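Every number here is computed from the coordinates shown, using simple stated rules; none is lab data. This one's a predicted model, so the numbers in the text were calculated from it and none came from an experiment. Cβ sites come from the backbone with ideal geometry, for glycine too, and all protein chains shown count toward neighbours.
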Amino acid sequence: MSILKTIQSPADLKRLPPSKFPALCQELREQIIGVVSSVGGHLASNLGVIELTVAMHYLLDTPDDKIVWDTSNQAYAHKLLTGRREQFHTLRQYGGLSGFCKREESLYDTFNAGHAGTGVSAAYGMVEAREQLGQKHKVVCVVGDGAMTAGMTLEALHHAGGLNKDFLVILNDNQMSISKNVGAISSYLNRTFTGEFYTKMREETGQLLSKIPHIGQDMQKLARRAEELARGAILPGLLFEELGFRYAGPIDGHNFEHLLPTLENVLRMKGPVLLHVITKKGLGYEPAVQNPIWFHACPPFVRESGAPAKKAARPSYTQIAIDSLVKLARQDSRIVAITAAMCEGTGLNAFEKEFPDRLYDVGIAEQHAVTFAAGLAAQGMRPVVAMYATFLQRAYDQVVHDVATQNLPVTFCIDRGGLVAEDGTTHHGAFDFAYLRHMPNMVVMAPKDENELQHMLKTSLQYDGPASVRYPRGVSLGVPMDPAPAALPIGKGELLRDGDEVAIVAVGVPVWQAVKAAERLAEEGVSTAVINARFVKPLDHDLIVSTAKRVRYVVTVEEGCKMGGFGSAVLEALSEAGVTGVKTKVLGLPDWYIEQGPQDLLRERYGLTAEGIYGSIKELIGSGAGQAVKEGALSASLTHLPHGDEQGS
Ligand SMILES: Cc1ncc(C[n+]2csc(CCOP(=O)(O)OP(=O)(O)O)c2C)c(N)n1
Ligand SMILES: CC(=O)[C@@H](O)[C@H](O)COP(=O)(O)O
Ligand SMILES: [Mg+2]
């Protein structure tokens, strides 16, 4: 008899005797492994917090009590215990459950996330709201050891620790970010007692002492200091205690005999408390224990072996970008690379392999990453910041204030530009063209294919100022590659085909879709030009304006938000040049947050496929314009999408 099936909400969990929890956890693991093996997802982090999730929902009164999951990629067991078991198979699918917490999805999801390091701030906002509103519930934030090093988390601890309100932060320490956690705080956390005697003694003494309010806490702190002196070591708790948090732990996050009494105890404590829980990523699925990095955010896999269900047909854009970077770095020792805890995702592990001393993983610290790069550039280095478009949002001011205003030669390799698929709203790279193109000095490029990508990297590294190259998630097109990267003329687009009725001005991955749409239109007698803009900034005014003057319709295409993006830039150029008498249309992402779903499906939905572009142009010119435009299905070649759903990850 399944225990999980009897749990419709945490109220059912509370009726279970704790002796059944290990069996329940086993079922939760089975369910999570089964679904993630078929749809992909954040397996390793989720398998590591199952016991903690059960213990929290058992002891708290959710949804009145609030649990905030930092990043929230580890909330699958939480979803399964809070009434979403039957929809769980739809995880990360179009129209299905989100892979992250979503307030729209459940009352138990108290705060939306996807980016790391927001949890403690949000939860502390809830603490203060509770105080302002005279409410009584508990607020608990679960934050990983990786996210603990994010600037926002430290800012939030600094704030909360000074105000002494009841607040529990649970540090879920699995010693891993996506890769091995890095930096001084991570080393500090790892300096725990290793001797069993001391560990046990500290836990038991700590639990006993902490039952005595106030006096107990001070004695506990004193006892810790005495221990520290005796052993010449620094305890992980002291950092938090100095910040105003009472520290408990570290405890074994997979052992209910530790978890339940300690959690119960810390939930009774007054003021800000930090409970340090040690867990193991991937626990319960050996391939994930062995390779937690691959299983952090994995595509579908074969359950028995843990091997990927599908092999990528071609290298990803990410791989091509970093291969090109490696080639360029061989010729220029000033080139160094920076990642904010995304060494694998950005492909920089390949760079690290060849240049271990020229790779900086700064942890989840995008803002620092960018200003750090600016510092390097100010002293004559050629830093490359490789970052997902969505995460660079966090460092907007650093790009403006520290890089662009000083015109420093920092290259931004902006990965995951455009639609990213299953991670959805929080992760689509929708805004980067818009948030970069208005910065004076900034060069903004997006290649139409992987060959152009290598040339853009070279262009960027040769340019004596800030420049970005933006490319999508997923496999490349398989176009022939030139033997070596070569710099492109800055601000020059290319006319891929000429025409005198319609001009499609596209940038990035939709360019080849635009060409296919144009071919179809031309077959039907609508003479259609296609410009590959290459540069969102500086825009090739001459080419765009002169072409626009020859046609009746100008259509722009980009995989980014329409508002303030590339299309807006083209319209500004036409306006500045006084071009009148052309009808225009901007194709791109609308003014709402884009949902999760396969890239192809989303591209179709937002009209960014060849068929979508063709359809929009037909609509624009109307049935009367271009005599030979006919209704009808598109040819097979038109519907073939160069971007399959194969992911290079
Ligand atoms: C601002 C930001 N940068 C990078 C990421 C990518 N990312 C997602 S989870 C993760 C690691 C988080 O590590 P940790 O907080 O320890 O959680 P764990 O997965 O180990 O439970 C990273 C770097 C992100 N989501 N947000
Ligand atoms: C939660 C998070 O931010 C990352 O784990 C992200 O989901 C990884 O995305 P990719 O699979 O595109 O590397
Ligand atoms: Mg971790």
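Each peptide in 71-84, 440-453, 22-35 receives the mean, over its residues, of other Cβ atoms within 10 Å, and ordering these scores from highest gives 71-84, 440-453, 22-35.
Which listed residue (Val399, Leu133, His428) has the Cα farthest towards the positive end of the charge dipole for the chain, taking +1 on Lys and Arg C-beta and -1 on Asp and Glu C-beta about the Cα centre? The residue sitting farthest along the positive end of the dipole is Leu133.
The angle between the Cα long axis of helix 151-161 and the longest principal axis of the Cα atoms of the chain comes to about 40 degrees, rounded to the nearest 10. Here is how the number arises for the chain: DSSP H runs of 4 or more residues each give -39500 (n - 2.57), the sum is divided by the residue count, and the result at 222 nm is -11500 deg cm²/dmol.
Across all Cα atoms of the chain, the radius of gyration (one decimal) and Dmax (whole number) stand at 26.9, 90 Å.
Between the listed residues Val526, Leu587, Gly508, the Cα displaced farthest toward the positive end of the dipole of region 494-639, a dipole computed from Cβ unit charges relative to the Cα centre, is found at Val526. So how tilted is helix 21-39 from the main axis of the chain? Cα-based, degrees 0 to 90, rounded to 10. The angle comes out at about 10 degrees. Packing around the peptides 9-17, 469-477, 355-363, 153-161, taken as the average count of other Cβ atoms within 10 Å per residue, puts them in this order, highest first: 469-477, 153-161, 355-363, 9-17. For region 91-141, GluC sites (Glu not before Pro) are listed when DSSP marks them as loop and at most 15 other Cβ atoms sit within 10 Å of their Cβ; the list is Glu104. The Cβ shell under 12 Å around Phe256 holds other residues with a net charge of -3, Lys and Arg each +1, Asp and Glu each -1. On the principal axes of its alpha-carbon atoms, region 1-135 has extents of 45, 35, 24 Å, going from largest to smallest. Axis of helix 215-231 versus longest Cα principal axis of the chain: the two differ by about 80°, to the nearest ten degrees. Between Lys549 and His137, the simple spin-label model (points 7 angstrom out along Cα→Cβ) gives 6.4 nm.
Using only Cα atoms, locate the centre of region 81-140 and the centre of region 373-420, then give the distance between them in Å, rounded to an integer. The two parts, judged by their Cα centres, are 31 Å apart. Once the dipole of the chain is set up with Lys and Arg at +1 and Asp and Glu at -1 on Cβ about the Cα centre, which of Ile33, Leu80, Ala378 lies farthest towards its positive end? My answer, from the dipole projection, is Leu80.
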